[in-house]
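In what follows, a structure is listed as structure tokens, so that the remarks can point back to it.
The values are calculated or read from the model by the stated rules, or taken from the named source; none is laboratory data. Since the structure is predicted, the reported quantities are computational estimates derived from the model, not experimental observations. Cβ atoms come from the backbone with ideal geometry, glycine included; neighbour counts cover every protein chain shown. Remember, those area values only see protein heavy atoms, side chains included, never the ligands or the DNA or RNA. Shrake-Rupley method; radii C 1.70, N 1.55, O 1.52, S 1.80 Å.
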Amino acid sequence: ALERMRFPAPLDPCVRLVVLDGTATYSDAIACADLLARLPGHHAEGGSRNVGRRDGLGTVMLAAAEALGRLPETYVQAVGSGTGAIGAHEAARRLTGGGEVLPRLLMCQNAPFAPLYDAWRCTGAAPADREHEPLARELTNRRPPFTVRGGVRDVLTESGGDVLCTDNEAALAAMALFEEVEGIDIEPGAGVALASLADAVRAGRVRRDELVLLNITGGGRARQARDTVLVPAEPWLRVPWPGRDKGPQAVAEHVTRLLTGTATTAPAATAVAEA
């Protein structure tokens, strides 16, 4: 995804971008980050278990409720881990005070690699050999918090929600439609959400008069490139990806050598086994 890392100004030197060259996936990058967070002086951000992150992502529900004067009936968002949808659900729960119906969560994924969709429908594991194929690669989290308490399965059940899935062709068509109607380009993940919502309306799963909050999770990249001279990000380190088994440890060793000039520690080796 390095080609998408372009900004109006060069990155500050404190930002260190590590690039995995080769066949690494989004989930491989997550595994590397988990291991690097075990190094001295580093801290894991927490992912879905970080209440601050969930609350930040949930502010979209608060903003919608303020603008609408009520909660939406249905909330639609493209998901990788599902953390954003969990945060929106938690925000809605606080607003209801237990006396109002919670918005139904419709989480959307990008075929052919849709782990949450497959887990929710109990269809088996997502095909790992097709992890590179989705247009929205940021949705391809191989280890989403599905079964943990308060995780994806729990919030889907509590809200009467569902997981939807659409393909690349439909997502591209939805992205083009949004730009035509709204005048701004959107990211592939947002295209997946819009395409899934359109499919649900056509199938009668969402009423045409239903109050729906569609979370467009990113946009404006093409317009920004037209309006601003963007500077490509320069990697601090590029690591040839040796494969999933040895990859995270190899990245940790490279980073540790650059930071300290020493080999990785035993705790880091333990962490890669856990990852």
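What the table below lists for this structure:
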| quantity | calculated |
| --- | --- |
| Karplus-derived HN-Hα couplings along segment 203-220 (A = 6.51, B = -1.76, C = 1.60, θ = phi - 60°), whole Hz, x at Gly and Pro | 7, x, 7, 10, 5, 5, 9, 6, 7, 10, 9, 9, 8, 7, 7, x, x, x |
| Structure-based [θ]222 nm, the chain - -39500 (n - 2.57) summed over DSSP H runs of at least 4, per residue, nearest 500 | -13000 deg cm²/dmol |
| Per residue solvent-accessible surface (Å²) - the chain, probe of 1.4 Å | 53 |
| The chain: DSSP helices with Cα axial extent of at least 24 Å and average Kyte-Doolittle hydropathy no lower than -0.5 | 51-68 |
| Cα principal axis extents for the chain, largest first, Å | 62, 45, 35 |
| Accessible-area composition of segment 47-227, carbon plus sulfur, in percent [1.4 Å probe] | 50 |
| Span from the segment 206-263 Cα centroid across to the segment 164-193 one, whole angstrom | 20 |
| Per-selection Rg to Rh, segment 118-199 - Cα, Kirkwood hydrodynamic radius | 1.01 |
| Lys, Arg +1 and Asp, Glu -1 on Cβ, resulting dipole of segment 1-85 about Cα centre, debye, nearest 20 | 120 |
| Length-normalised contact order for segment 47-227 - Cα pairs under 8 Å, 6+ apart - percent | 24 |
| Linear extension gain, residue 230 paired with residue 258, 0.36 nm per residue minus alpha-carbon span | 7.3 nm |
